[in-house]
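The values are calculated or read from the model by the stated rules, or taken from the named source; none is laboratory data. Here the structure is a predicted model, which means the values were calculated and not measured. Cβ placement follows ideal geometry from the backbone for every residue including glycine, while neighbour counts extend to all protein chains displayed.
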Amino acid sequence: MLVPQFASSVSAAPALSPATQTVVASIGGVITPTATFMVTEITGTKTFGITPALPAGLTMNSTTGVVSGAPSVSLANTTFTIVVSDGSVSALATLSLTVNELTAQQVAVAPTSQAVSGKIGTAMIATSAISAPLITGIKYFSISPKLPNGLTMNSATGVVSGTPVGTASQLIYIIAVSDGVKYGISTLRIAISGPFALSPSTQTVTGQVGKAIVETALLTSTSLAANRTYSISPKLPSGLVLHATKGIVYGTPLVGLASTTFTVTATVGSQTAISTISISIVGAVGAIPQAGNRAGCGAATIGGRLVQSIKPTDAELPSTNFACAVNVGVRARGITVAMATAGVVTNPDVSQYLTTASRVNGGSITKNLVVSSKAGVQRSQFTNLRRGTWFITVRATSATGVLVGTWTSSQFRIG
């Protein structure tokens, strides 16, 4: 018996190739797009889909099934199912996807380290700005541990500045700069010390022209290092010297000096401390007759008819090279002041006298009497004065304006 034979018409199942793919990415990093699928046994218009939904930043092309983009969130390893269909038949593939947290990249910065020192109450020299050319995003600086009180850091430049209000030992601070993708590290060493002091803090020196002074005390400090150097301001008078490593003032003054305060500064690196010295130098002994010794001087004569005459005793005159004698002659409407001097050749410390007539109820007149080169009597005249109570002040000064001595008369009536 003849049995009929039938040909088989069973077709292959729809399929996607590659059937599985794996992608490992980092937050913000653009992934390599997945492969384009080869589809078999699906002849209609194909549409691709994926489940579950892709993480933010990644997308699928619904025509090709290609996944691309840059993920913005992390994702633990997850298997996604990709489906392609023409509405009648469909095929499946899988995608294994992992998105890792971003790992920042360390880059070089400059300077890599700095060291600064300061003292309480004094503005510290600011640190250098930190340069990070390989960090291209918006930079933000931070520092750890916390800075000493009074110091701050600029979060845009990394510069540390300010005036410390408390001490700090030599701590190492970490300055970090980052734009969220790259970062750099620089170290900063800070040492803040307390106020520095010298002992003695103040001294007084009184001397005479031509005679060596008693040198000042050796300056010491318990807070400033021993390798100190010293400077002084203003400049010392001619003949006096400051020892550069001991802070001692010594020498033989060659000129007179009214009481003046000098500041001695001790320096060790950027650290300083000060002490003051008050110095006054009187005229040379024996340059002209002193009070109580009129040898070689004439009398301070005035002449004419006087209402009153005021003559200071030797003891009332300044004990410096002032004048041999002074005489104030009071007239009906005027005053004559006579000065007996030895002349500037004998007495080089005094070159002029400023003679001031002052009215008790207000008003004054000053005249300048330049000392002659030879001994003699010189006079200042004040005329047509208002009625009232008056007095005379005589100030002797050197050629450089240094005050040598002052004498003030008793009060008297005019008119």
Can you tell me which residues in segment 1-44 are outside any loop (DSSP other than H, G, I, E, B), at pLDDT 90 or above and farther than 24 Å from residue 86 by Cβ?
22, 23, 24
Can you name every residue in segment 227-243 that is modelled with pLDDT of 90 or more and over 25 Å from the mean Cα position of the chain (by Cα)?
236, 240, 241, 242, 243
Would you say residue 222 is among the hydroxyl-bearing types (Ser, Thr, Tyr) and part of a loop (DSSP other than H, G, I, E, B)?
yes
So, in segment 269-297, how many residues would count as being at pLDDT 80 or above, assigned to a loop (DSSP other than H, G, I, E, B) and surrounded by 15 or more Cβ atoms within 10 Å (Cβ to Cβ)?
0
Return the residues of segment 384-415 that are part of a loop (DSSP other than H, G, I, E, B) and hydrophobic (A, V, I, L, M, F, W, C); say none if nothing qualifies.
385, 399, 402
Within segment 298-323, which residues are assigned to a loop (DSSP other than H, G, I, E, B), at pLDDT below 75 and within 27 Å of residue 257 (Cα to Cα)?
317, 318, 319, 320, 321, 322, 323
Mind checking which pairs have a first residue in segment 247-271 that is touching a residue at least 24 places away in the same chain (Cβ under 8 Å) and a second that is surrounded by fewer than 16 Cβ atoms within 10 Å (Cβ to Cβ) and of a type in the set (Asp, Glu), Cβ under 6 Å, 6 or more apart or different chains?
248/215; 250/215
For the condition surrounded by fewer than 15 Cβ atoms within 10 Å (Cβ to Cβ) and modelled with pLDDT under 90, what is the one hit in 72, 96, 88, 117?
72
Which listed residue, of 135, 143, is outside any strand (DSSP E or B), surrounded by 13 or more Cβ atoms within 10 Å (Cβ to Cβ), out of contact with any Pro (no Cβ under 9 Å at 6 or more places or on another chain) and among the hydrophobic types (A, V, I, L, M, F, W, C):
135
Can you find a residue that is within 30 Å of residue 160 (Cβ to Cβ) and part of a loop (DSSP other than H, G, I, E, B) anywhere in segment 227-240?
yes
From the set of residues in segment 351-369 that are crowded, with 17+ Cβ neighbours inside 10 Å and among the β-branched types (Val, Ile, Thr), which is nearest to residue 414 (Cα to Cα)?
356
